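Asks: After the structure tokens below, expect a handful of questions from me.
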Amino acid sequence: MPAQSASPRTRHLIGYILAIAGLAWVLHDVHLGTMFASMRRIHWFWVVPAVVFDVLSYVCQGVRWRYLLRPVGPVSALQTTQAIYAGLLTNEVTPLRVGELVRAYLVSRWAGVRFLSVVPSIAAERLFDGVWLAIAIGIAAMFVPLPRDLVVGGDILGIIVIAATAWFLYLVYRRRREGAGSAGEARHELNRPRSLARMVSQIAEGIGGIGLSRDSLTSLLLSPLILVFQGIALWLMMVAYGFSLSVWAGMAVFLILHLGTALPNAPSNIGTYQFFCVVGLTLFGVEKSVATGFSFVAFFLLTLPLWILGLLAIARSRMTLASIRSEIDRLLKG
């Protein structure tokens, strides 16, 4: 077996093992009667606003991404949101977050720019998300008792964010010092045969090009709304399920879930989603069987709109998921 194919297969296998292990823990010692009884008590009135807030979070992400893409090329907030949903659907059916590449390809195609020129904006998104996630953990810790592991995870994330921010500022400083001549040289390099080192250099150059403009600062200020909307969506699902948890407790559970599923794993985060959702809820006194039922119901009800909108996004692109991935492979190898 070629070495190149063994590594992705190994990563896929690890993701599926984690999913199975998570589901095994969640379903262990669960009273099925209690779990199914809790599912029948859903207040559907609260499900609608929960879904609306979840959709709003991705619309907000689309608007934020449009600001980050302004130095690259013209693209509308509708197009960026459509690309995000296409990427989310891809993540639902494939492991290792390939959807990030799918949305970058679609936007590069619509804006008429190079594929790699879009990637730095996604890297900037991840940096902004990390900044606000670390801040959110610190704020939540002031209102509700958080598990020690989450606090430690927040501290580690804070250190990573500080290091990434320092690197970002260095790239901005280097870009300004070197001036437009180096930028033009870097654009010329894009036409040469690629190597991994050159691709990394081009992405770093793009990150430096984003800079500290009004657009990048606006996108930074929009970023916490994404977390807030998604956290409210999960809390409203808890209200629909009959939990009497405060909004702060709901946000704490969301942060545990969000941090736990941040790393690439199995498609749809299946297994890890249920595991961290149940862990978070049991910390606030929810019985495990009831928490397990909620983890499956919330997963389905919040994922179904994503599937529907993701399928519409792929259909509107007039491409298939297979053809998009084929084009991405060609661009990365070409």
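Asks: Out of the residues in segment 257-266 that are surrounded by fewer than 24 Cβ atoms within 10 Å (Cβ to Cβ), within 13 Å of G15 (Cα to Cα) and touching a Gly at 6+ places or on another chain (Cβ under 8 Å), state the one that is modelled with the highest pLDDT.
Replies: A266
Asks: Looking only at segment 271-296, which residues are among the aliphatic types (A, V, I, L, M) and over 19 Å from G231 (Cα atoms)?
Replies: Correct list: V290 only.
Asks: Check whether at least one residue in segment 102-118 is modelled with pLDDT under 90, surrounded by fewer than 17 Cβ atoms within 10 Å (Cβ to Cβ), among the hydrophobic types (A, V, I, L, M, F, W, C) and over 22 Å from S213 (Cα atoms), and report yes or no.
Replies: Checked segment 102-118: no residue is modelled with pLDDT under 90, surrounded by fewer than 17 Cβ atoms within 10 Å (Cβ to Cβ), among the hydrophobic types (A, V, I, L, M, F, W, C) and over 22 Å from S213 (Cα atoms).
Asks: When you look at R97, is it modelled with pLDDT under 95, assigned to a loop (DSSP other than H, G, I, E, B) and under 17 Å from the mean Cα position of the chain (by Cα), yes or no?
Replies: Spelling it out, R97 is indeed modelled with pLDDT under 95, assigned to a loop (DSSP other than H, G, I, E, B) and under 17 Å from the mean Cα position of the chain (by Cα).
Asks: Taking segment 81-101 as the search range and keeping residues that are in contact with a Ser or Thr (Cβ under 8 Å, 6 or more places away or on another chain) and of a type outside the set (A, V, I, L, M, F, W, C), which one is surrounded by the fewest Cβ atoms within 10 Å (Cβ to Cβ)?
Replies: E92
Asks: Just to be sure I understand, how many residues within segment 102-142 are more than 20 Å from I226 (Cβ to Cβ) and not basic (K, R)?
Replies: Number satisfying all stated conditions: 11.
Asks: So the check is Cβ under 6 Å with 6+ separation or different chains; which pairs have a first residue in segment 311-331 that's farther than 16 Å from V98 by Cα and of a type in the set (S, T, N, Q) and a second one that's surrounded by 14 or more Cβ atoms within 10 Å (Cβ to Cβ) and at pLDDT 85 or above?
Replies: Pairs found: S317/L106.
Asks: When the residues of segment 29-67 are filtered to those that are polar (S, T, N, Q) and buried (at least 17 other Cβ atoms within 10 Å of the Cβ), which remaining residue is nearest to I308 (Cα to Cα)?
Replies: S57
Asks: Which residue pairs have Cβ atoms under 6 Å apart, sit 6 or more places apart or on different chains, and have a first residue in segment 90-111 that is within 14 Å of Q79 (Cβ to Cβ) and a second that is hydroxyl-bearing (S, T, Y) and crowded, with 17+ Cβ neighbours inside 10 Å?
Replies: From segment 90-111, the pairs are V102/T90; L106/S317.
Asks: Taking segment 68-80 as the region of interest, how many residues are surrounded by 22 or more Cβ atoms within 10 Å (Cβ to Cβ) and closer than 21 Å to V228 by Cα?
Replies: 2
The values are calculated or read from the model by the stated rules, or taken from the named source; none is laboratory data. Worth saying up front: this structure is predicted, and the values here are computed from it rather than measured. As a convention, Cβ positions derive from the backbone with ideal geometry for all residues, glycine included, and neighbour counts pool all protein chains shown.
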